[in-house]
Amino acid sequence: MLELRPNCEYCDSDLPPESTEALICSFECTYCRTCAESVLQGHCPNCSGELMQRPRRPIDALKRHPASTKRVIKAPKT
Ligand SMILES: [Zn+2]
Ligand SMILES: [Zn+2]
């Protein structure tokens with residue numbers, strides 16, 4: 001089951017479970033559309049897999065299986 005992470009791993013912007021701006025790779029690294037289409041060019045920087053739009057979980061299902069609230073953020077490379 002998807003975690004539905006609450007933020008972009010790259011820029012830390014909020015990505016609520018109903019957002020259509022969230023993209024994920026097969027390992028569920030999560031990015032906003034802006035990062036995915038600009039700096040990342042459609043590929044996950046962690047695993048180089050393709051980024052696809054994250055499916056939205058219906059409200060009823062979210063009540064039973066809530067989205068993750070644990071933010072995942074990569075420290076910027078120095
Ligand atoms: Zn972002
Ligand atoms: Zn990945």
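The values are calculated or read from the model by the stated rules, or taken from the named source; none is laboratory data. Keep in mind the model is a prediction, meaning the values are calculated, not measured. Heads up, the Cβs are rebuilt from the backbone with ideal geometry, glycines too, and the neighbour counts pull from every protein chain shown. Heavy atoms of the whole protein, side chains included, go into the accessibility calculation; ligands, DNA and RNA do not. Shrake-Rupley method; radii C 1.70, N 1.55, O 1.52, S 1.80 Å.
Is one or more of the residues making up the range 31-38 among the small types (Gly, Ala, Ser), under 15 Å from SER19 (Cα atoms), in contact with a Cys (Cβ under 9 Å, 6 or more places away or on another chain) and touching a residue at least 12 places away in the same chain (Cβ under 8 Å)? For the range 31-38, residues among the small types (Gly, Ala, Ser), under 15 Å from SER19 (Cα atoms), in contact with a Cys (Cβ under 9 Å, 6 or more places away or on another chain) and touching a residue at least 12 places away in the same chain (Cβ under 8 Å): present.
For the range 38-66, enumerate the residues that are under 13 Å from the mean Cα position of the chain (by Cα) and open to solvent by 90 Å² or more (accessible area, probe 1.4 Å). HIS43, GLU50, MET52, GLN53, ARG56 - these are the residues of the range 38-66 that are under 13 Å from the mean Cα position of the chain (by Cα) and open to solvent by 90 Å² or more (accessible area, probe 1.4 Å).
Scanning the range 1-27 for residues that are open to solvent by 20 Å² or more (accessible area, probe 1.4 Å) and more than 11 Å from PRO55 (Cα to Cα) returns MET1, GLU3, ARG5, PRO6, TYR10, CYS11, ASP12, SER13, ASP14, PRO16, SER26, PHE27. Sub-6 Å Cβ pairs linking a first residue in the range 51-74 that is of a type in the set (A, V, I, L, M) to a second residue that is assigned to a helix (DSSP H, G or I), at least 6 apart or interchain, are LEU51/ALA36, ordered by first then second residue.
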